[in-house]
1. Please find, within the range 46-74, the residue that is surrounded by the most Cβ atoms within 10 Å (Cβ to Cβ) out of those that are more than 10 Å from the chain's Cα centre (by Cα), in a helix (DSSP H, G or I) and not charged (D, E, K, R).
2. Could you check the range 13-40 and list, in sequence order, the residues that are in a loop (DSSP other than H, G, I, E, B), touching a Leu at 6+ places or on another chain (Cβ under 8 Å) and either within 15 Å of Lys72 (Cβ to Cβ) or of a type in the set (Phe, Trp, Tyr) (or both)?
3. Within the range 31-39, does at least one residue satisfy the condition of being β-branched (Val, Ile, Thr), over 21 Å from Gln83 (Cβ atoms) and over 11 Å from the mean Cα position of the chain (by Cα)?
4. Identify the single condition in (1) exposed (fewer than 12 other Cβ atoms within 10 Å of the Cβ); (2) of a type in the set (Ser, Thr, Tyr); (3) farther than 23 Å from Phe80 by Cα that Tyr16 does not satisfy, given that it satisfies every other one.
5. Consider the range 37-83. How many of its residues are among the basic types (Lys, Arg) and touching a residue at least 40 places away in the same chain (Cβ under 8 Å)?
Amino acid sequence: MDEQKKVILDYVIAEYVDEDDDIEVDLDTELISGGLVDSFSMVSLKRFLEKKYDISIPDADASPEAFDSVNKISALVDRFRNQ
């Protein structure tokens, strides 16, 4: 697993998974459609990514589909880091 995906995965687990939950989150876990991350949390996650990677993700690109797994989020970050 590359460093960026690890950072995103660690953030998601720390922020959205309760210690009491018996949930395993991996790179392909459905975050939005699986109910782990809601729309308010998605905004916080977007802010974290923008600050961490010094990027700006336009609201039009910050869709639930784009934030539905660590792999998809990492691809989104890559898109805006390479601009």
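Here, each number is a calculation from the coordinates, and none is a lab measurement. Values in this document were obtained by computation on a predicted structure and should not be read as measured data. In this analysis, Cβ positions are derived from the backbone assuming ideal geometry, glycine residues included, and neighbour counts consider all displayed protein chains.
1. Ranking the qualifying residues of the range 46-74, first place goes to Tyr53.
2. Those that are in a loop (DSSP other than H, G, I, E, B), touching a Leu at 6+ places or on another chain (Cβ under 8 Å) and either within 15 Å of Lys72 (Cβ to Cβ) or of a type in the set (Phe, Trp, Tyr) (or both): Val25, Asp26, Leu27, Thr29, Glu30, Val37.
3. No, the range 31-39 has no match at all.
4. If we test Tyr16 against (1) exposed (fewer than 12 other Cβ atoms within 10 Å of the Cβ); (2) of a type in the set (Ser, Thr, Tyr); (3) farther than 23 Å from Phe80 by Cα, just (1) comes out false.
5. 1
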